[in-house]
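Below: the structure, in structure tokens.
The values are calculated or read from the model by the stated rules, or taken from the named source; none is laboratory data. Note that this is a predicted model, so its numbers are computed, not measured. Glycine also receives a Cβ, built like all others from the backbone with ideal geometry; neighbour counts cover every protein chain displayed. These area figures cover heavy atoms from the full protein model, side chains too; ligands, DNA and RNA do not enter into them. Shrake-Rupley method; radii C 1.70, N 1.55, O 1.52, S 1.80 Å.
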Amino acid sequence: MIRRIALHVAFWTTYLALNTYVEVFLINHSFFELEMGTRIMKALIPELLLLPPKLLMAYTIMYFILPRLKLAAKWRLVLELVLVTAVSLVMYH
């Protein structure tokens, strides 16, 4: 169980690092005149703020919706998926 949690933490840490790297060095050219620490923080903070809705959606789908795919009525699972997506979208904005 601890190994599983460690793998999840490692995955999401790598995900944040990769997205921050892409934002700092490849996408946002308006950050180039700023100091490196400021550039990293300007890229990392939005990623950290957007992480909870991503976690909510990913783990709800993986651990609640997909395992019940064969057991429950398909329309109910589709409704739950739409609800999770809607909640994530509201949290993004």
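Remarks
- Matching option when the condition is under 15 Å from the mean Cα position of the chain (by Cα), farther than 30 Å from Val82 by Cβ and either charged (D, E, K, R) or surrounded by 11 or more Cβ atoms within 10 Å (Cβ to Cβ) (or both), among Ala43, Ala10: Ala43
- Residue match in segment 8-28 (condition: over 16 Å from Leu51 (Cβ atoms), assigned to a helix (DSSP H, G or I) and in contact with a helix residue (DSSP H, G or I) (Cβ under 7 Å, 6 or more places away or on another chain)): yes
- Test result for Leu77, open to solvent by 60 Å² or more (accessible area, probe 1.4 Å), assigned to a helix (DSSP H, G or I) and among the aliphatic types (A, V, I, L, M): no
- For segment 56-74, a residue qualifies if it is open to solvent by less than 50 Å² (accessible area, probe 1.4 Å) and either out of contact with any helix residue (DSSP H, G or I) (no Cβ under 8 Å at 6 or more places or on another chain) or of a type in the set (A, V, I, L, M, F, W, C) (or both), and the qualifying residues are Ala58, Ile61, Ile65, Ala72, Ala73.
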